[in-house]
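Each remark here refers to the structure printed beneath this line.
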Amino acid sequence: MQSSESTTSSVEDLQIVDGCLEGNRNSQESLYKKYSRKMFAICLRYAKNQETAEDILQDGFIRVFGALNTFRKQGSLEGWIRRIMVNTALEYHRKEVKMYTISEAAEVSSESSDADALSQLSNIEALELLKSLPLGYRNVFNLYAIEGYNHAEIAEMLQISEGTSKSQLSRARSLLQQKVIQLNQISKEYVG
């Protein structure tokens, strides 16, 4: 899995973790304040709306605080929290919505990268496009293109086959490209 955050926790993070483990409310508040905005952004990518993202965030932090004693202090605290948030979001969807799967034979090829399709958009536009994808496509796209998981890891996390993961990613890319083209056409018509 790729990671944009550092591979080790800061001294400050380790002190916050120790305080949380001792039951210190100020440390718990510090941990929440430090990471809640970043984690909320992750939750928004998986949620259908802001309220659902807030629920996922709350459930995720409950899990974080409940599992802090398992954090080994060897890697990034942010990365550890991120993984819990992603897993919480995926579990939420498993409980609430049956995963939309497509046939492995329906795989569509995509030549351009995910970054190219979304790079022309603002963060808000990109988030709205991601939210417009069917749930299965959105989850696979987020896990592969944004979180950096490979198809074997995604298949295990979502309890689907690798082929289904690949086909959902391919279909998500295709839909995103179509939507970007439509937005560009609308933009040109509006300006012209």
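The values are calculated or read from the model by the stated rules, or taken from the named source; none is laboratory data. Predicted, not measured: the structure shown is a model, and the values here were computed from it. Here Cβ is always computed from backbone atoms with ideal geometry, including for glycine, and neighbour counts include all displayed protein chains.
Values for this structure:
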read-out: Residues being polar (S, T, N, Q) and touching a Phe, Trp or Tyr at 6+ places or on another chain (Cβ under 6 Å) - total across segment 143-171; value: 1
read-out: Any hit, segment 96-105, residues being surrounded by fewer than 12 Cβ atoms within 10 Å (Cβ to Cβ), closer than 27 Å to Asn184 by Cα and at pLDDT below 75; value: no
read-out: Any helices (runs of 4 or more DSSP H) falling wholly within segment 11-67 and containing at least 3 residues that are at pLDDT 95 or above and hydroxyl-bearing (Ser, Thr, Tyr); value: 25-46
read-out: Failed condition for Arg72, given (1) at pLDDT below 80; (2) surrounded by fewer than 17 Cβ atoms within 10 Å (Cβ to Cβ); value: (1)
read-out: Segment 11-35 residues that are of a type in the set (Asp, Glu), paired with ones that are in a helix (DSSP H, G or I) (beta carbon under 9 Å, 6 or more apart); value: Glu12/Ser30; Glu12/Lys34; Asp13/Leu31; Asp13/Lys34; Asp13/Leu77; Asp13/Glu78; Asp18/Ser27
read-out: Residue check for Asn139: in contact with a His (Cβ under 8 Å, 6 or more places away or on another chain) and either of a type outside the set (A, V, I, L, M) or part of a helix (DSSP H, G or I) (or both); value: yes
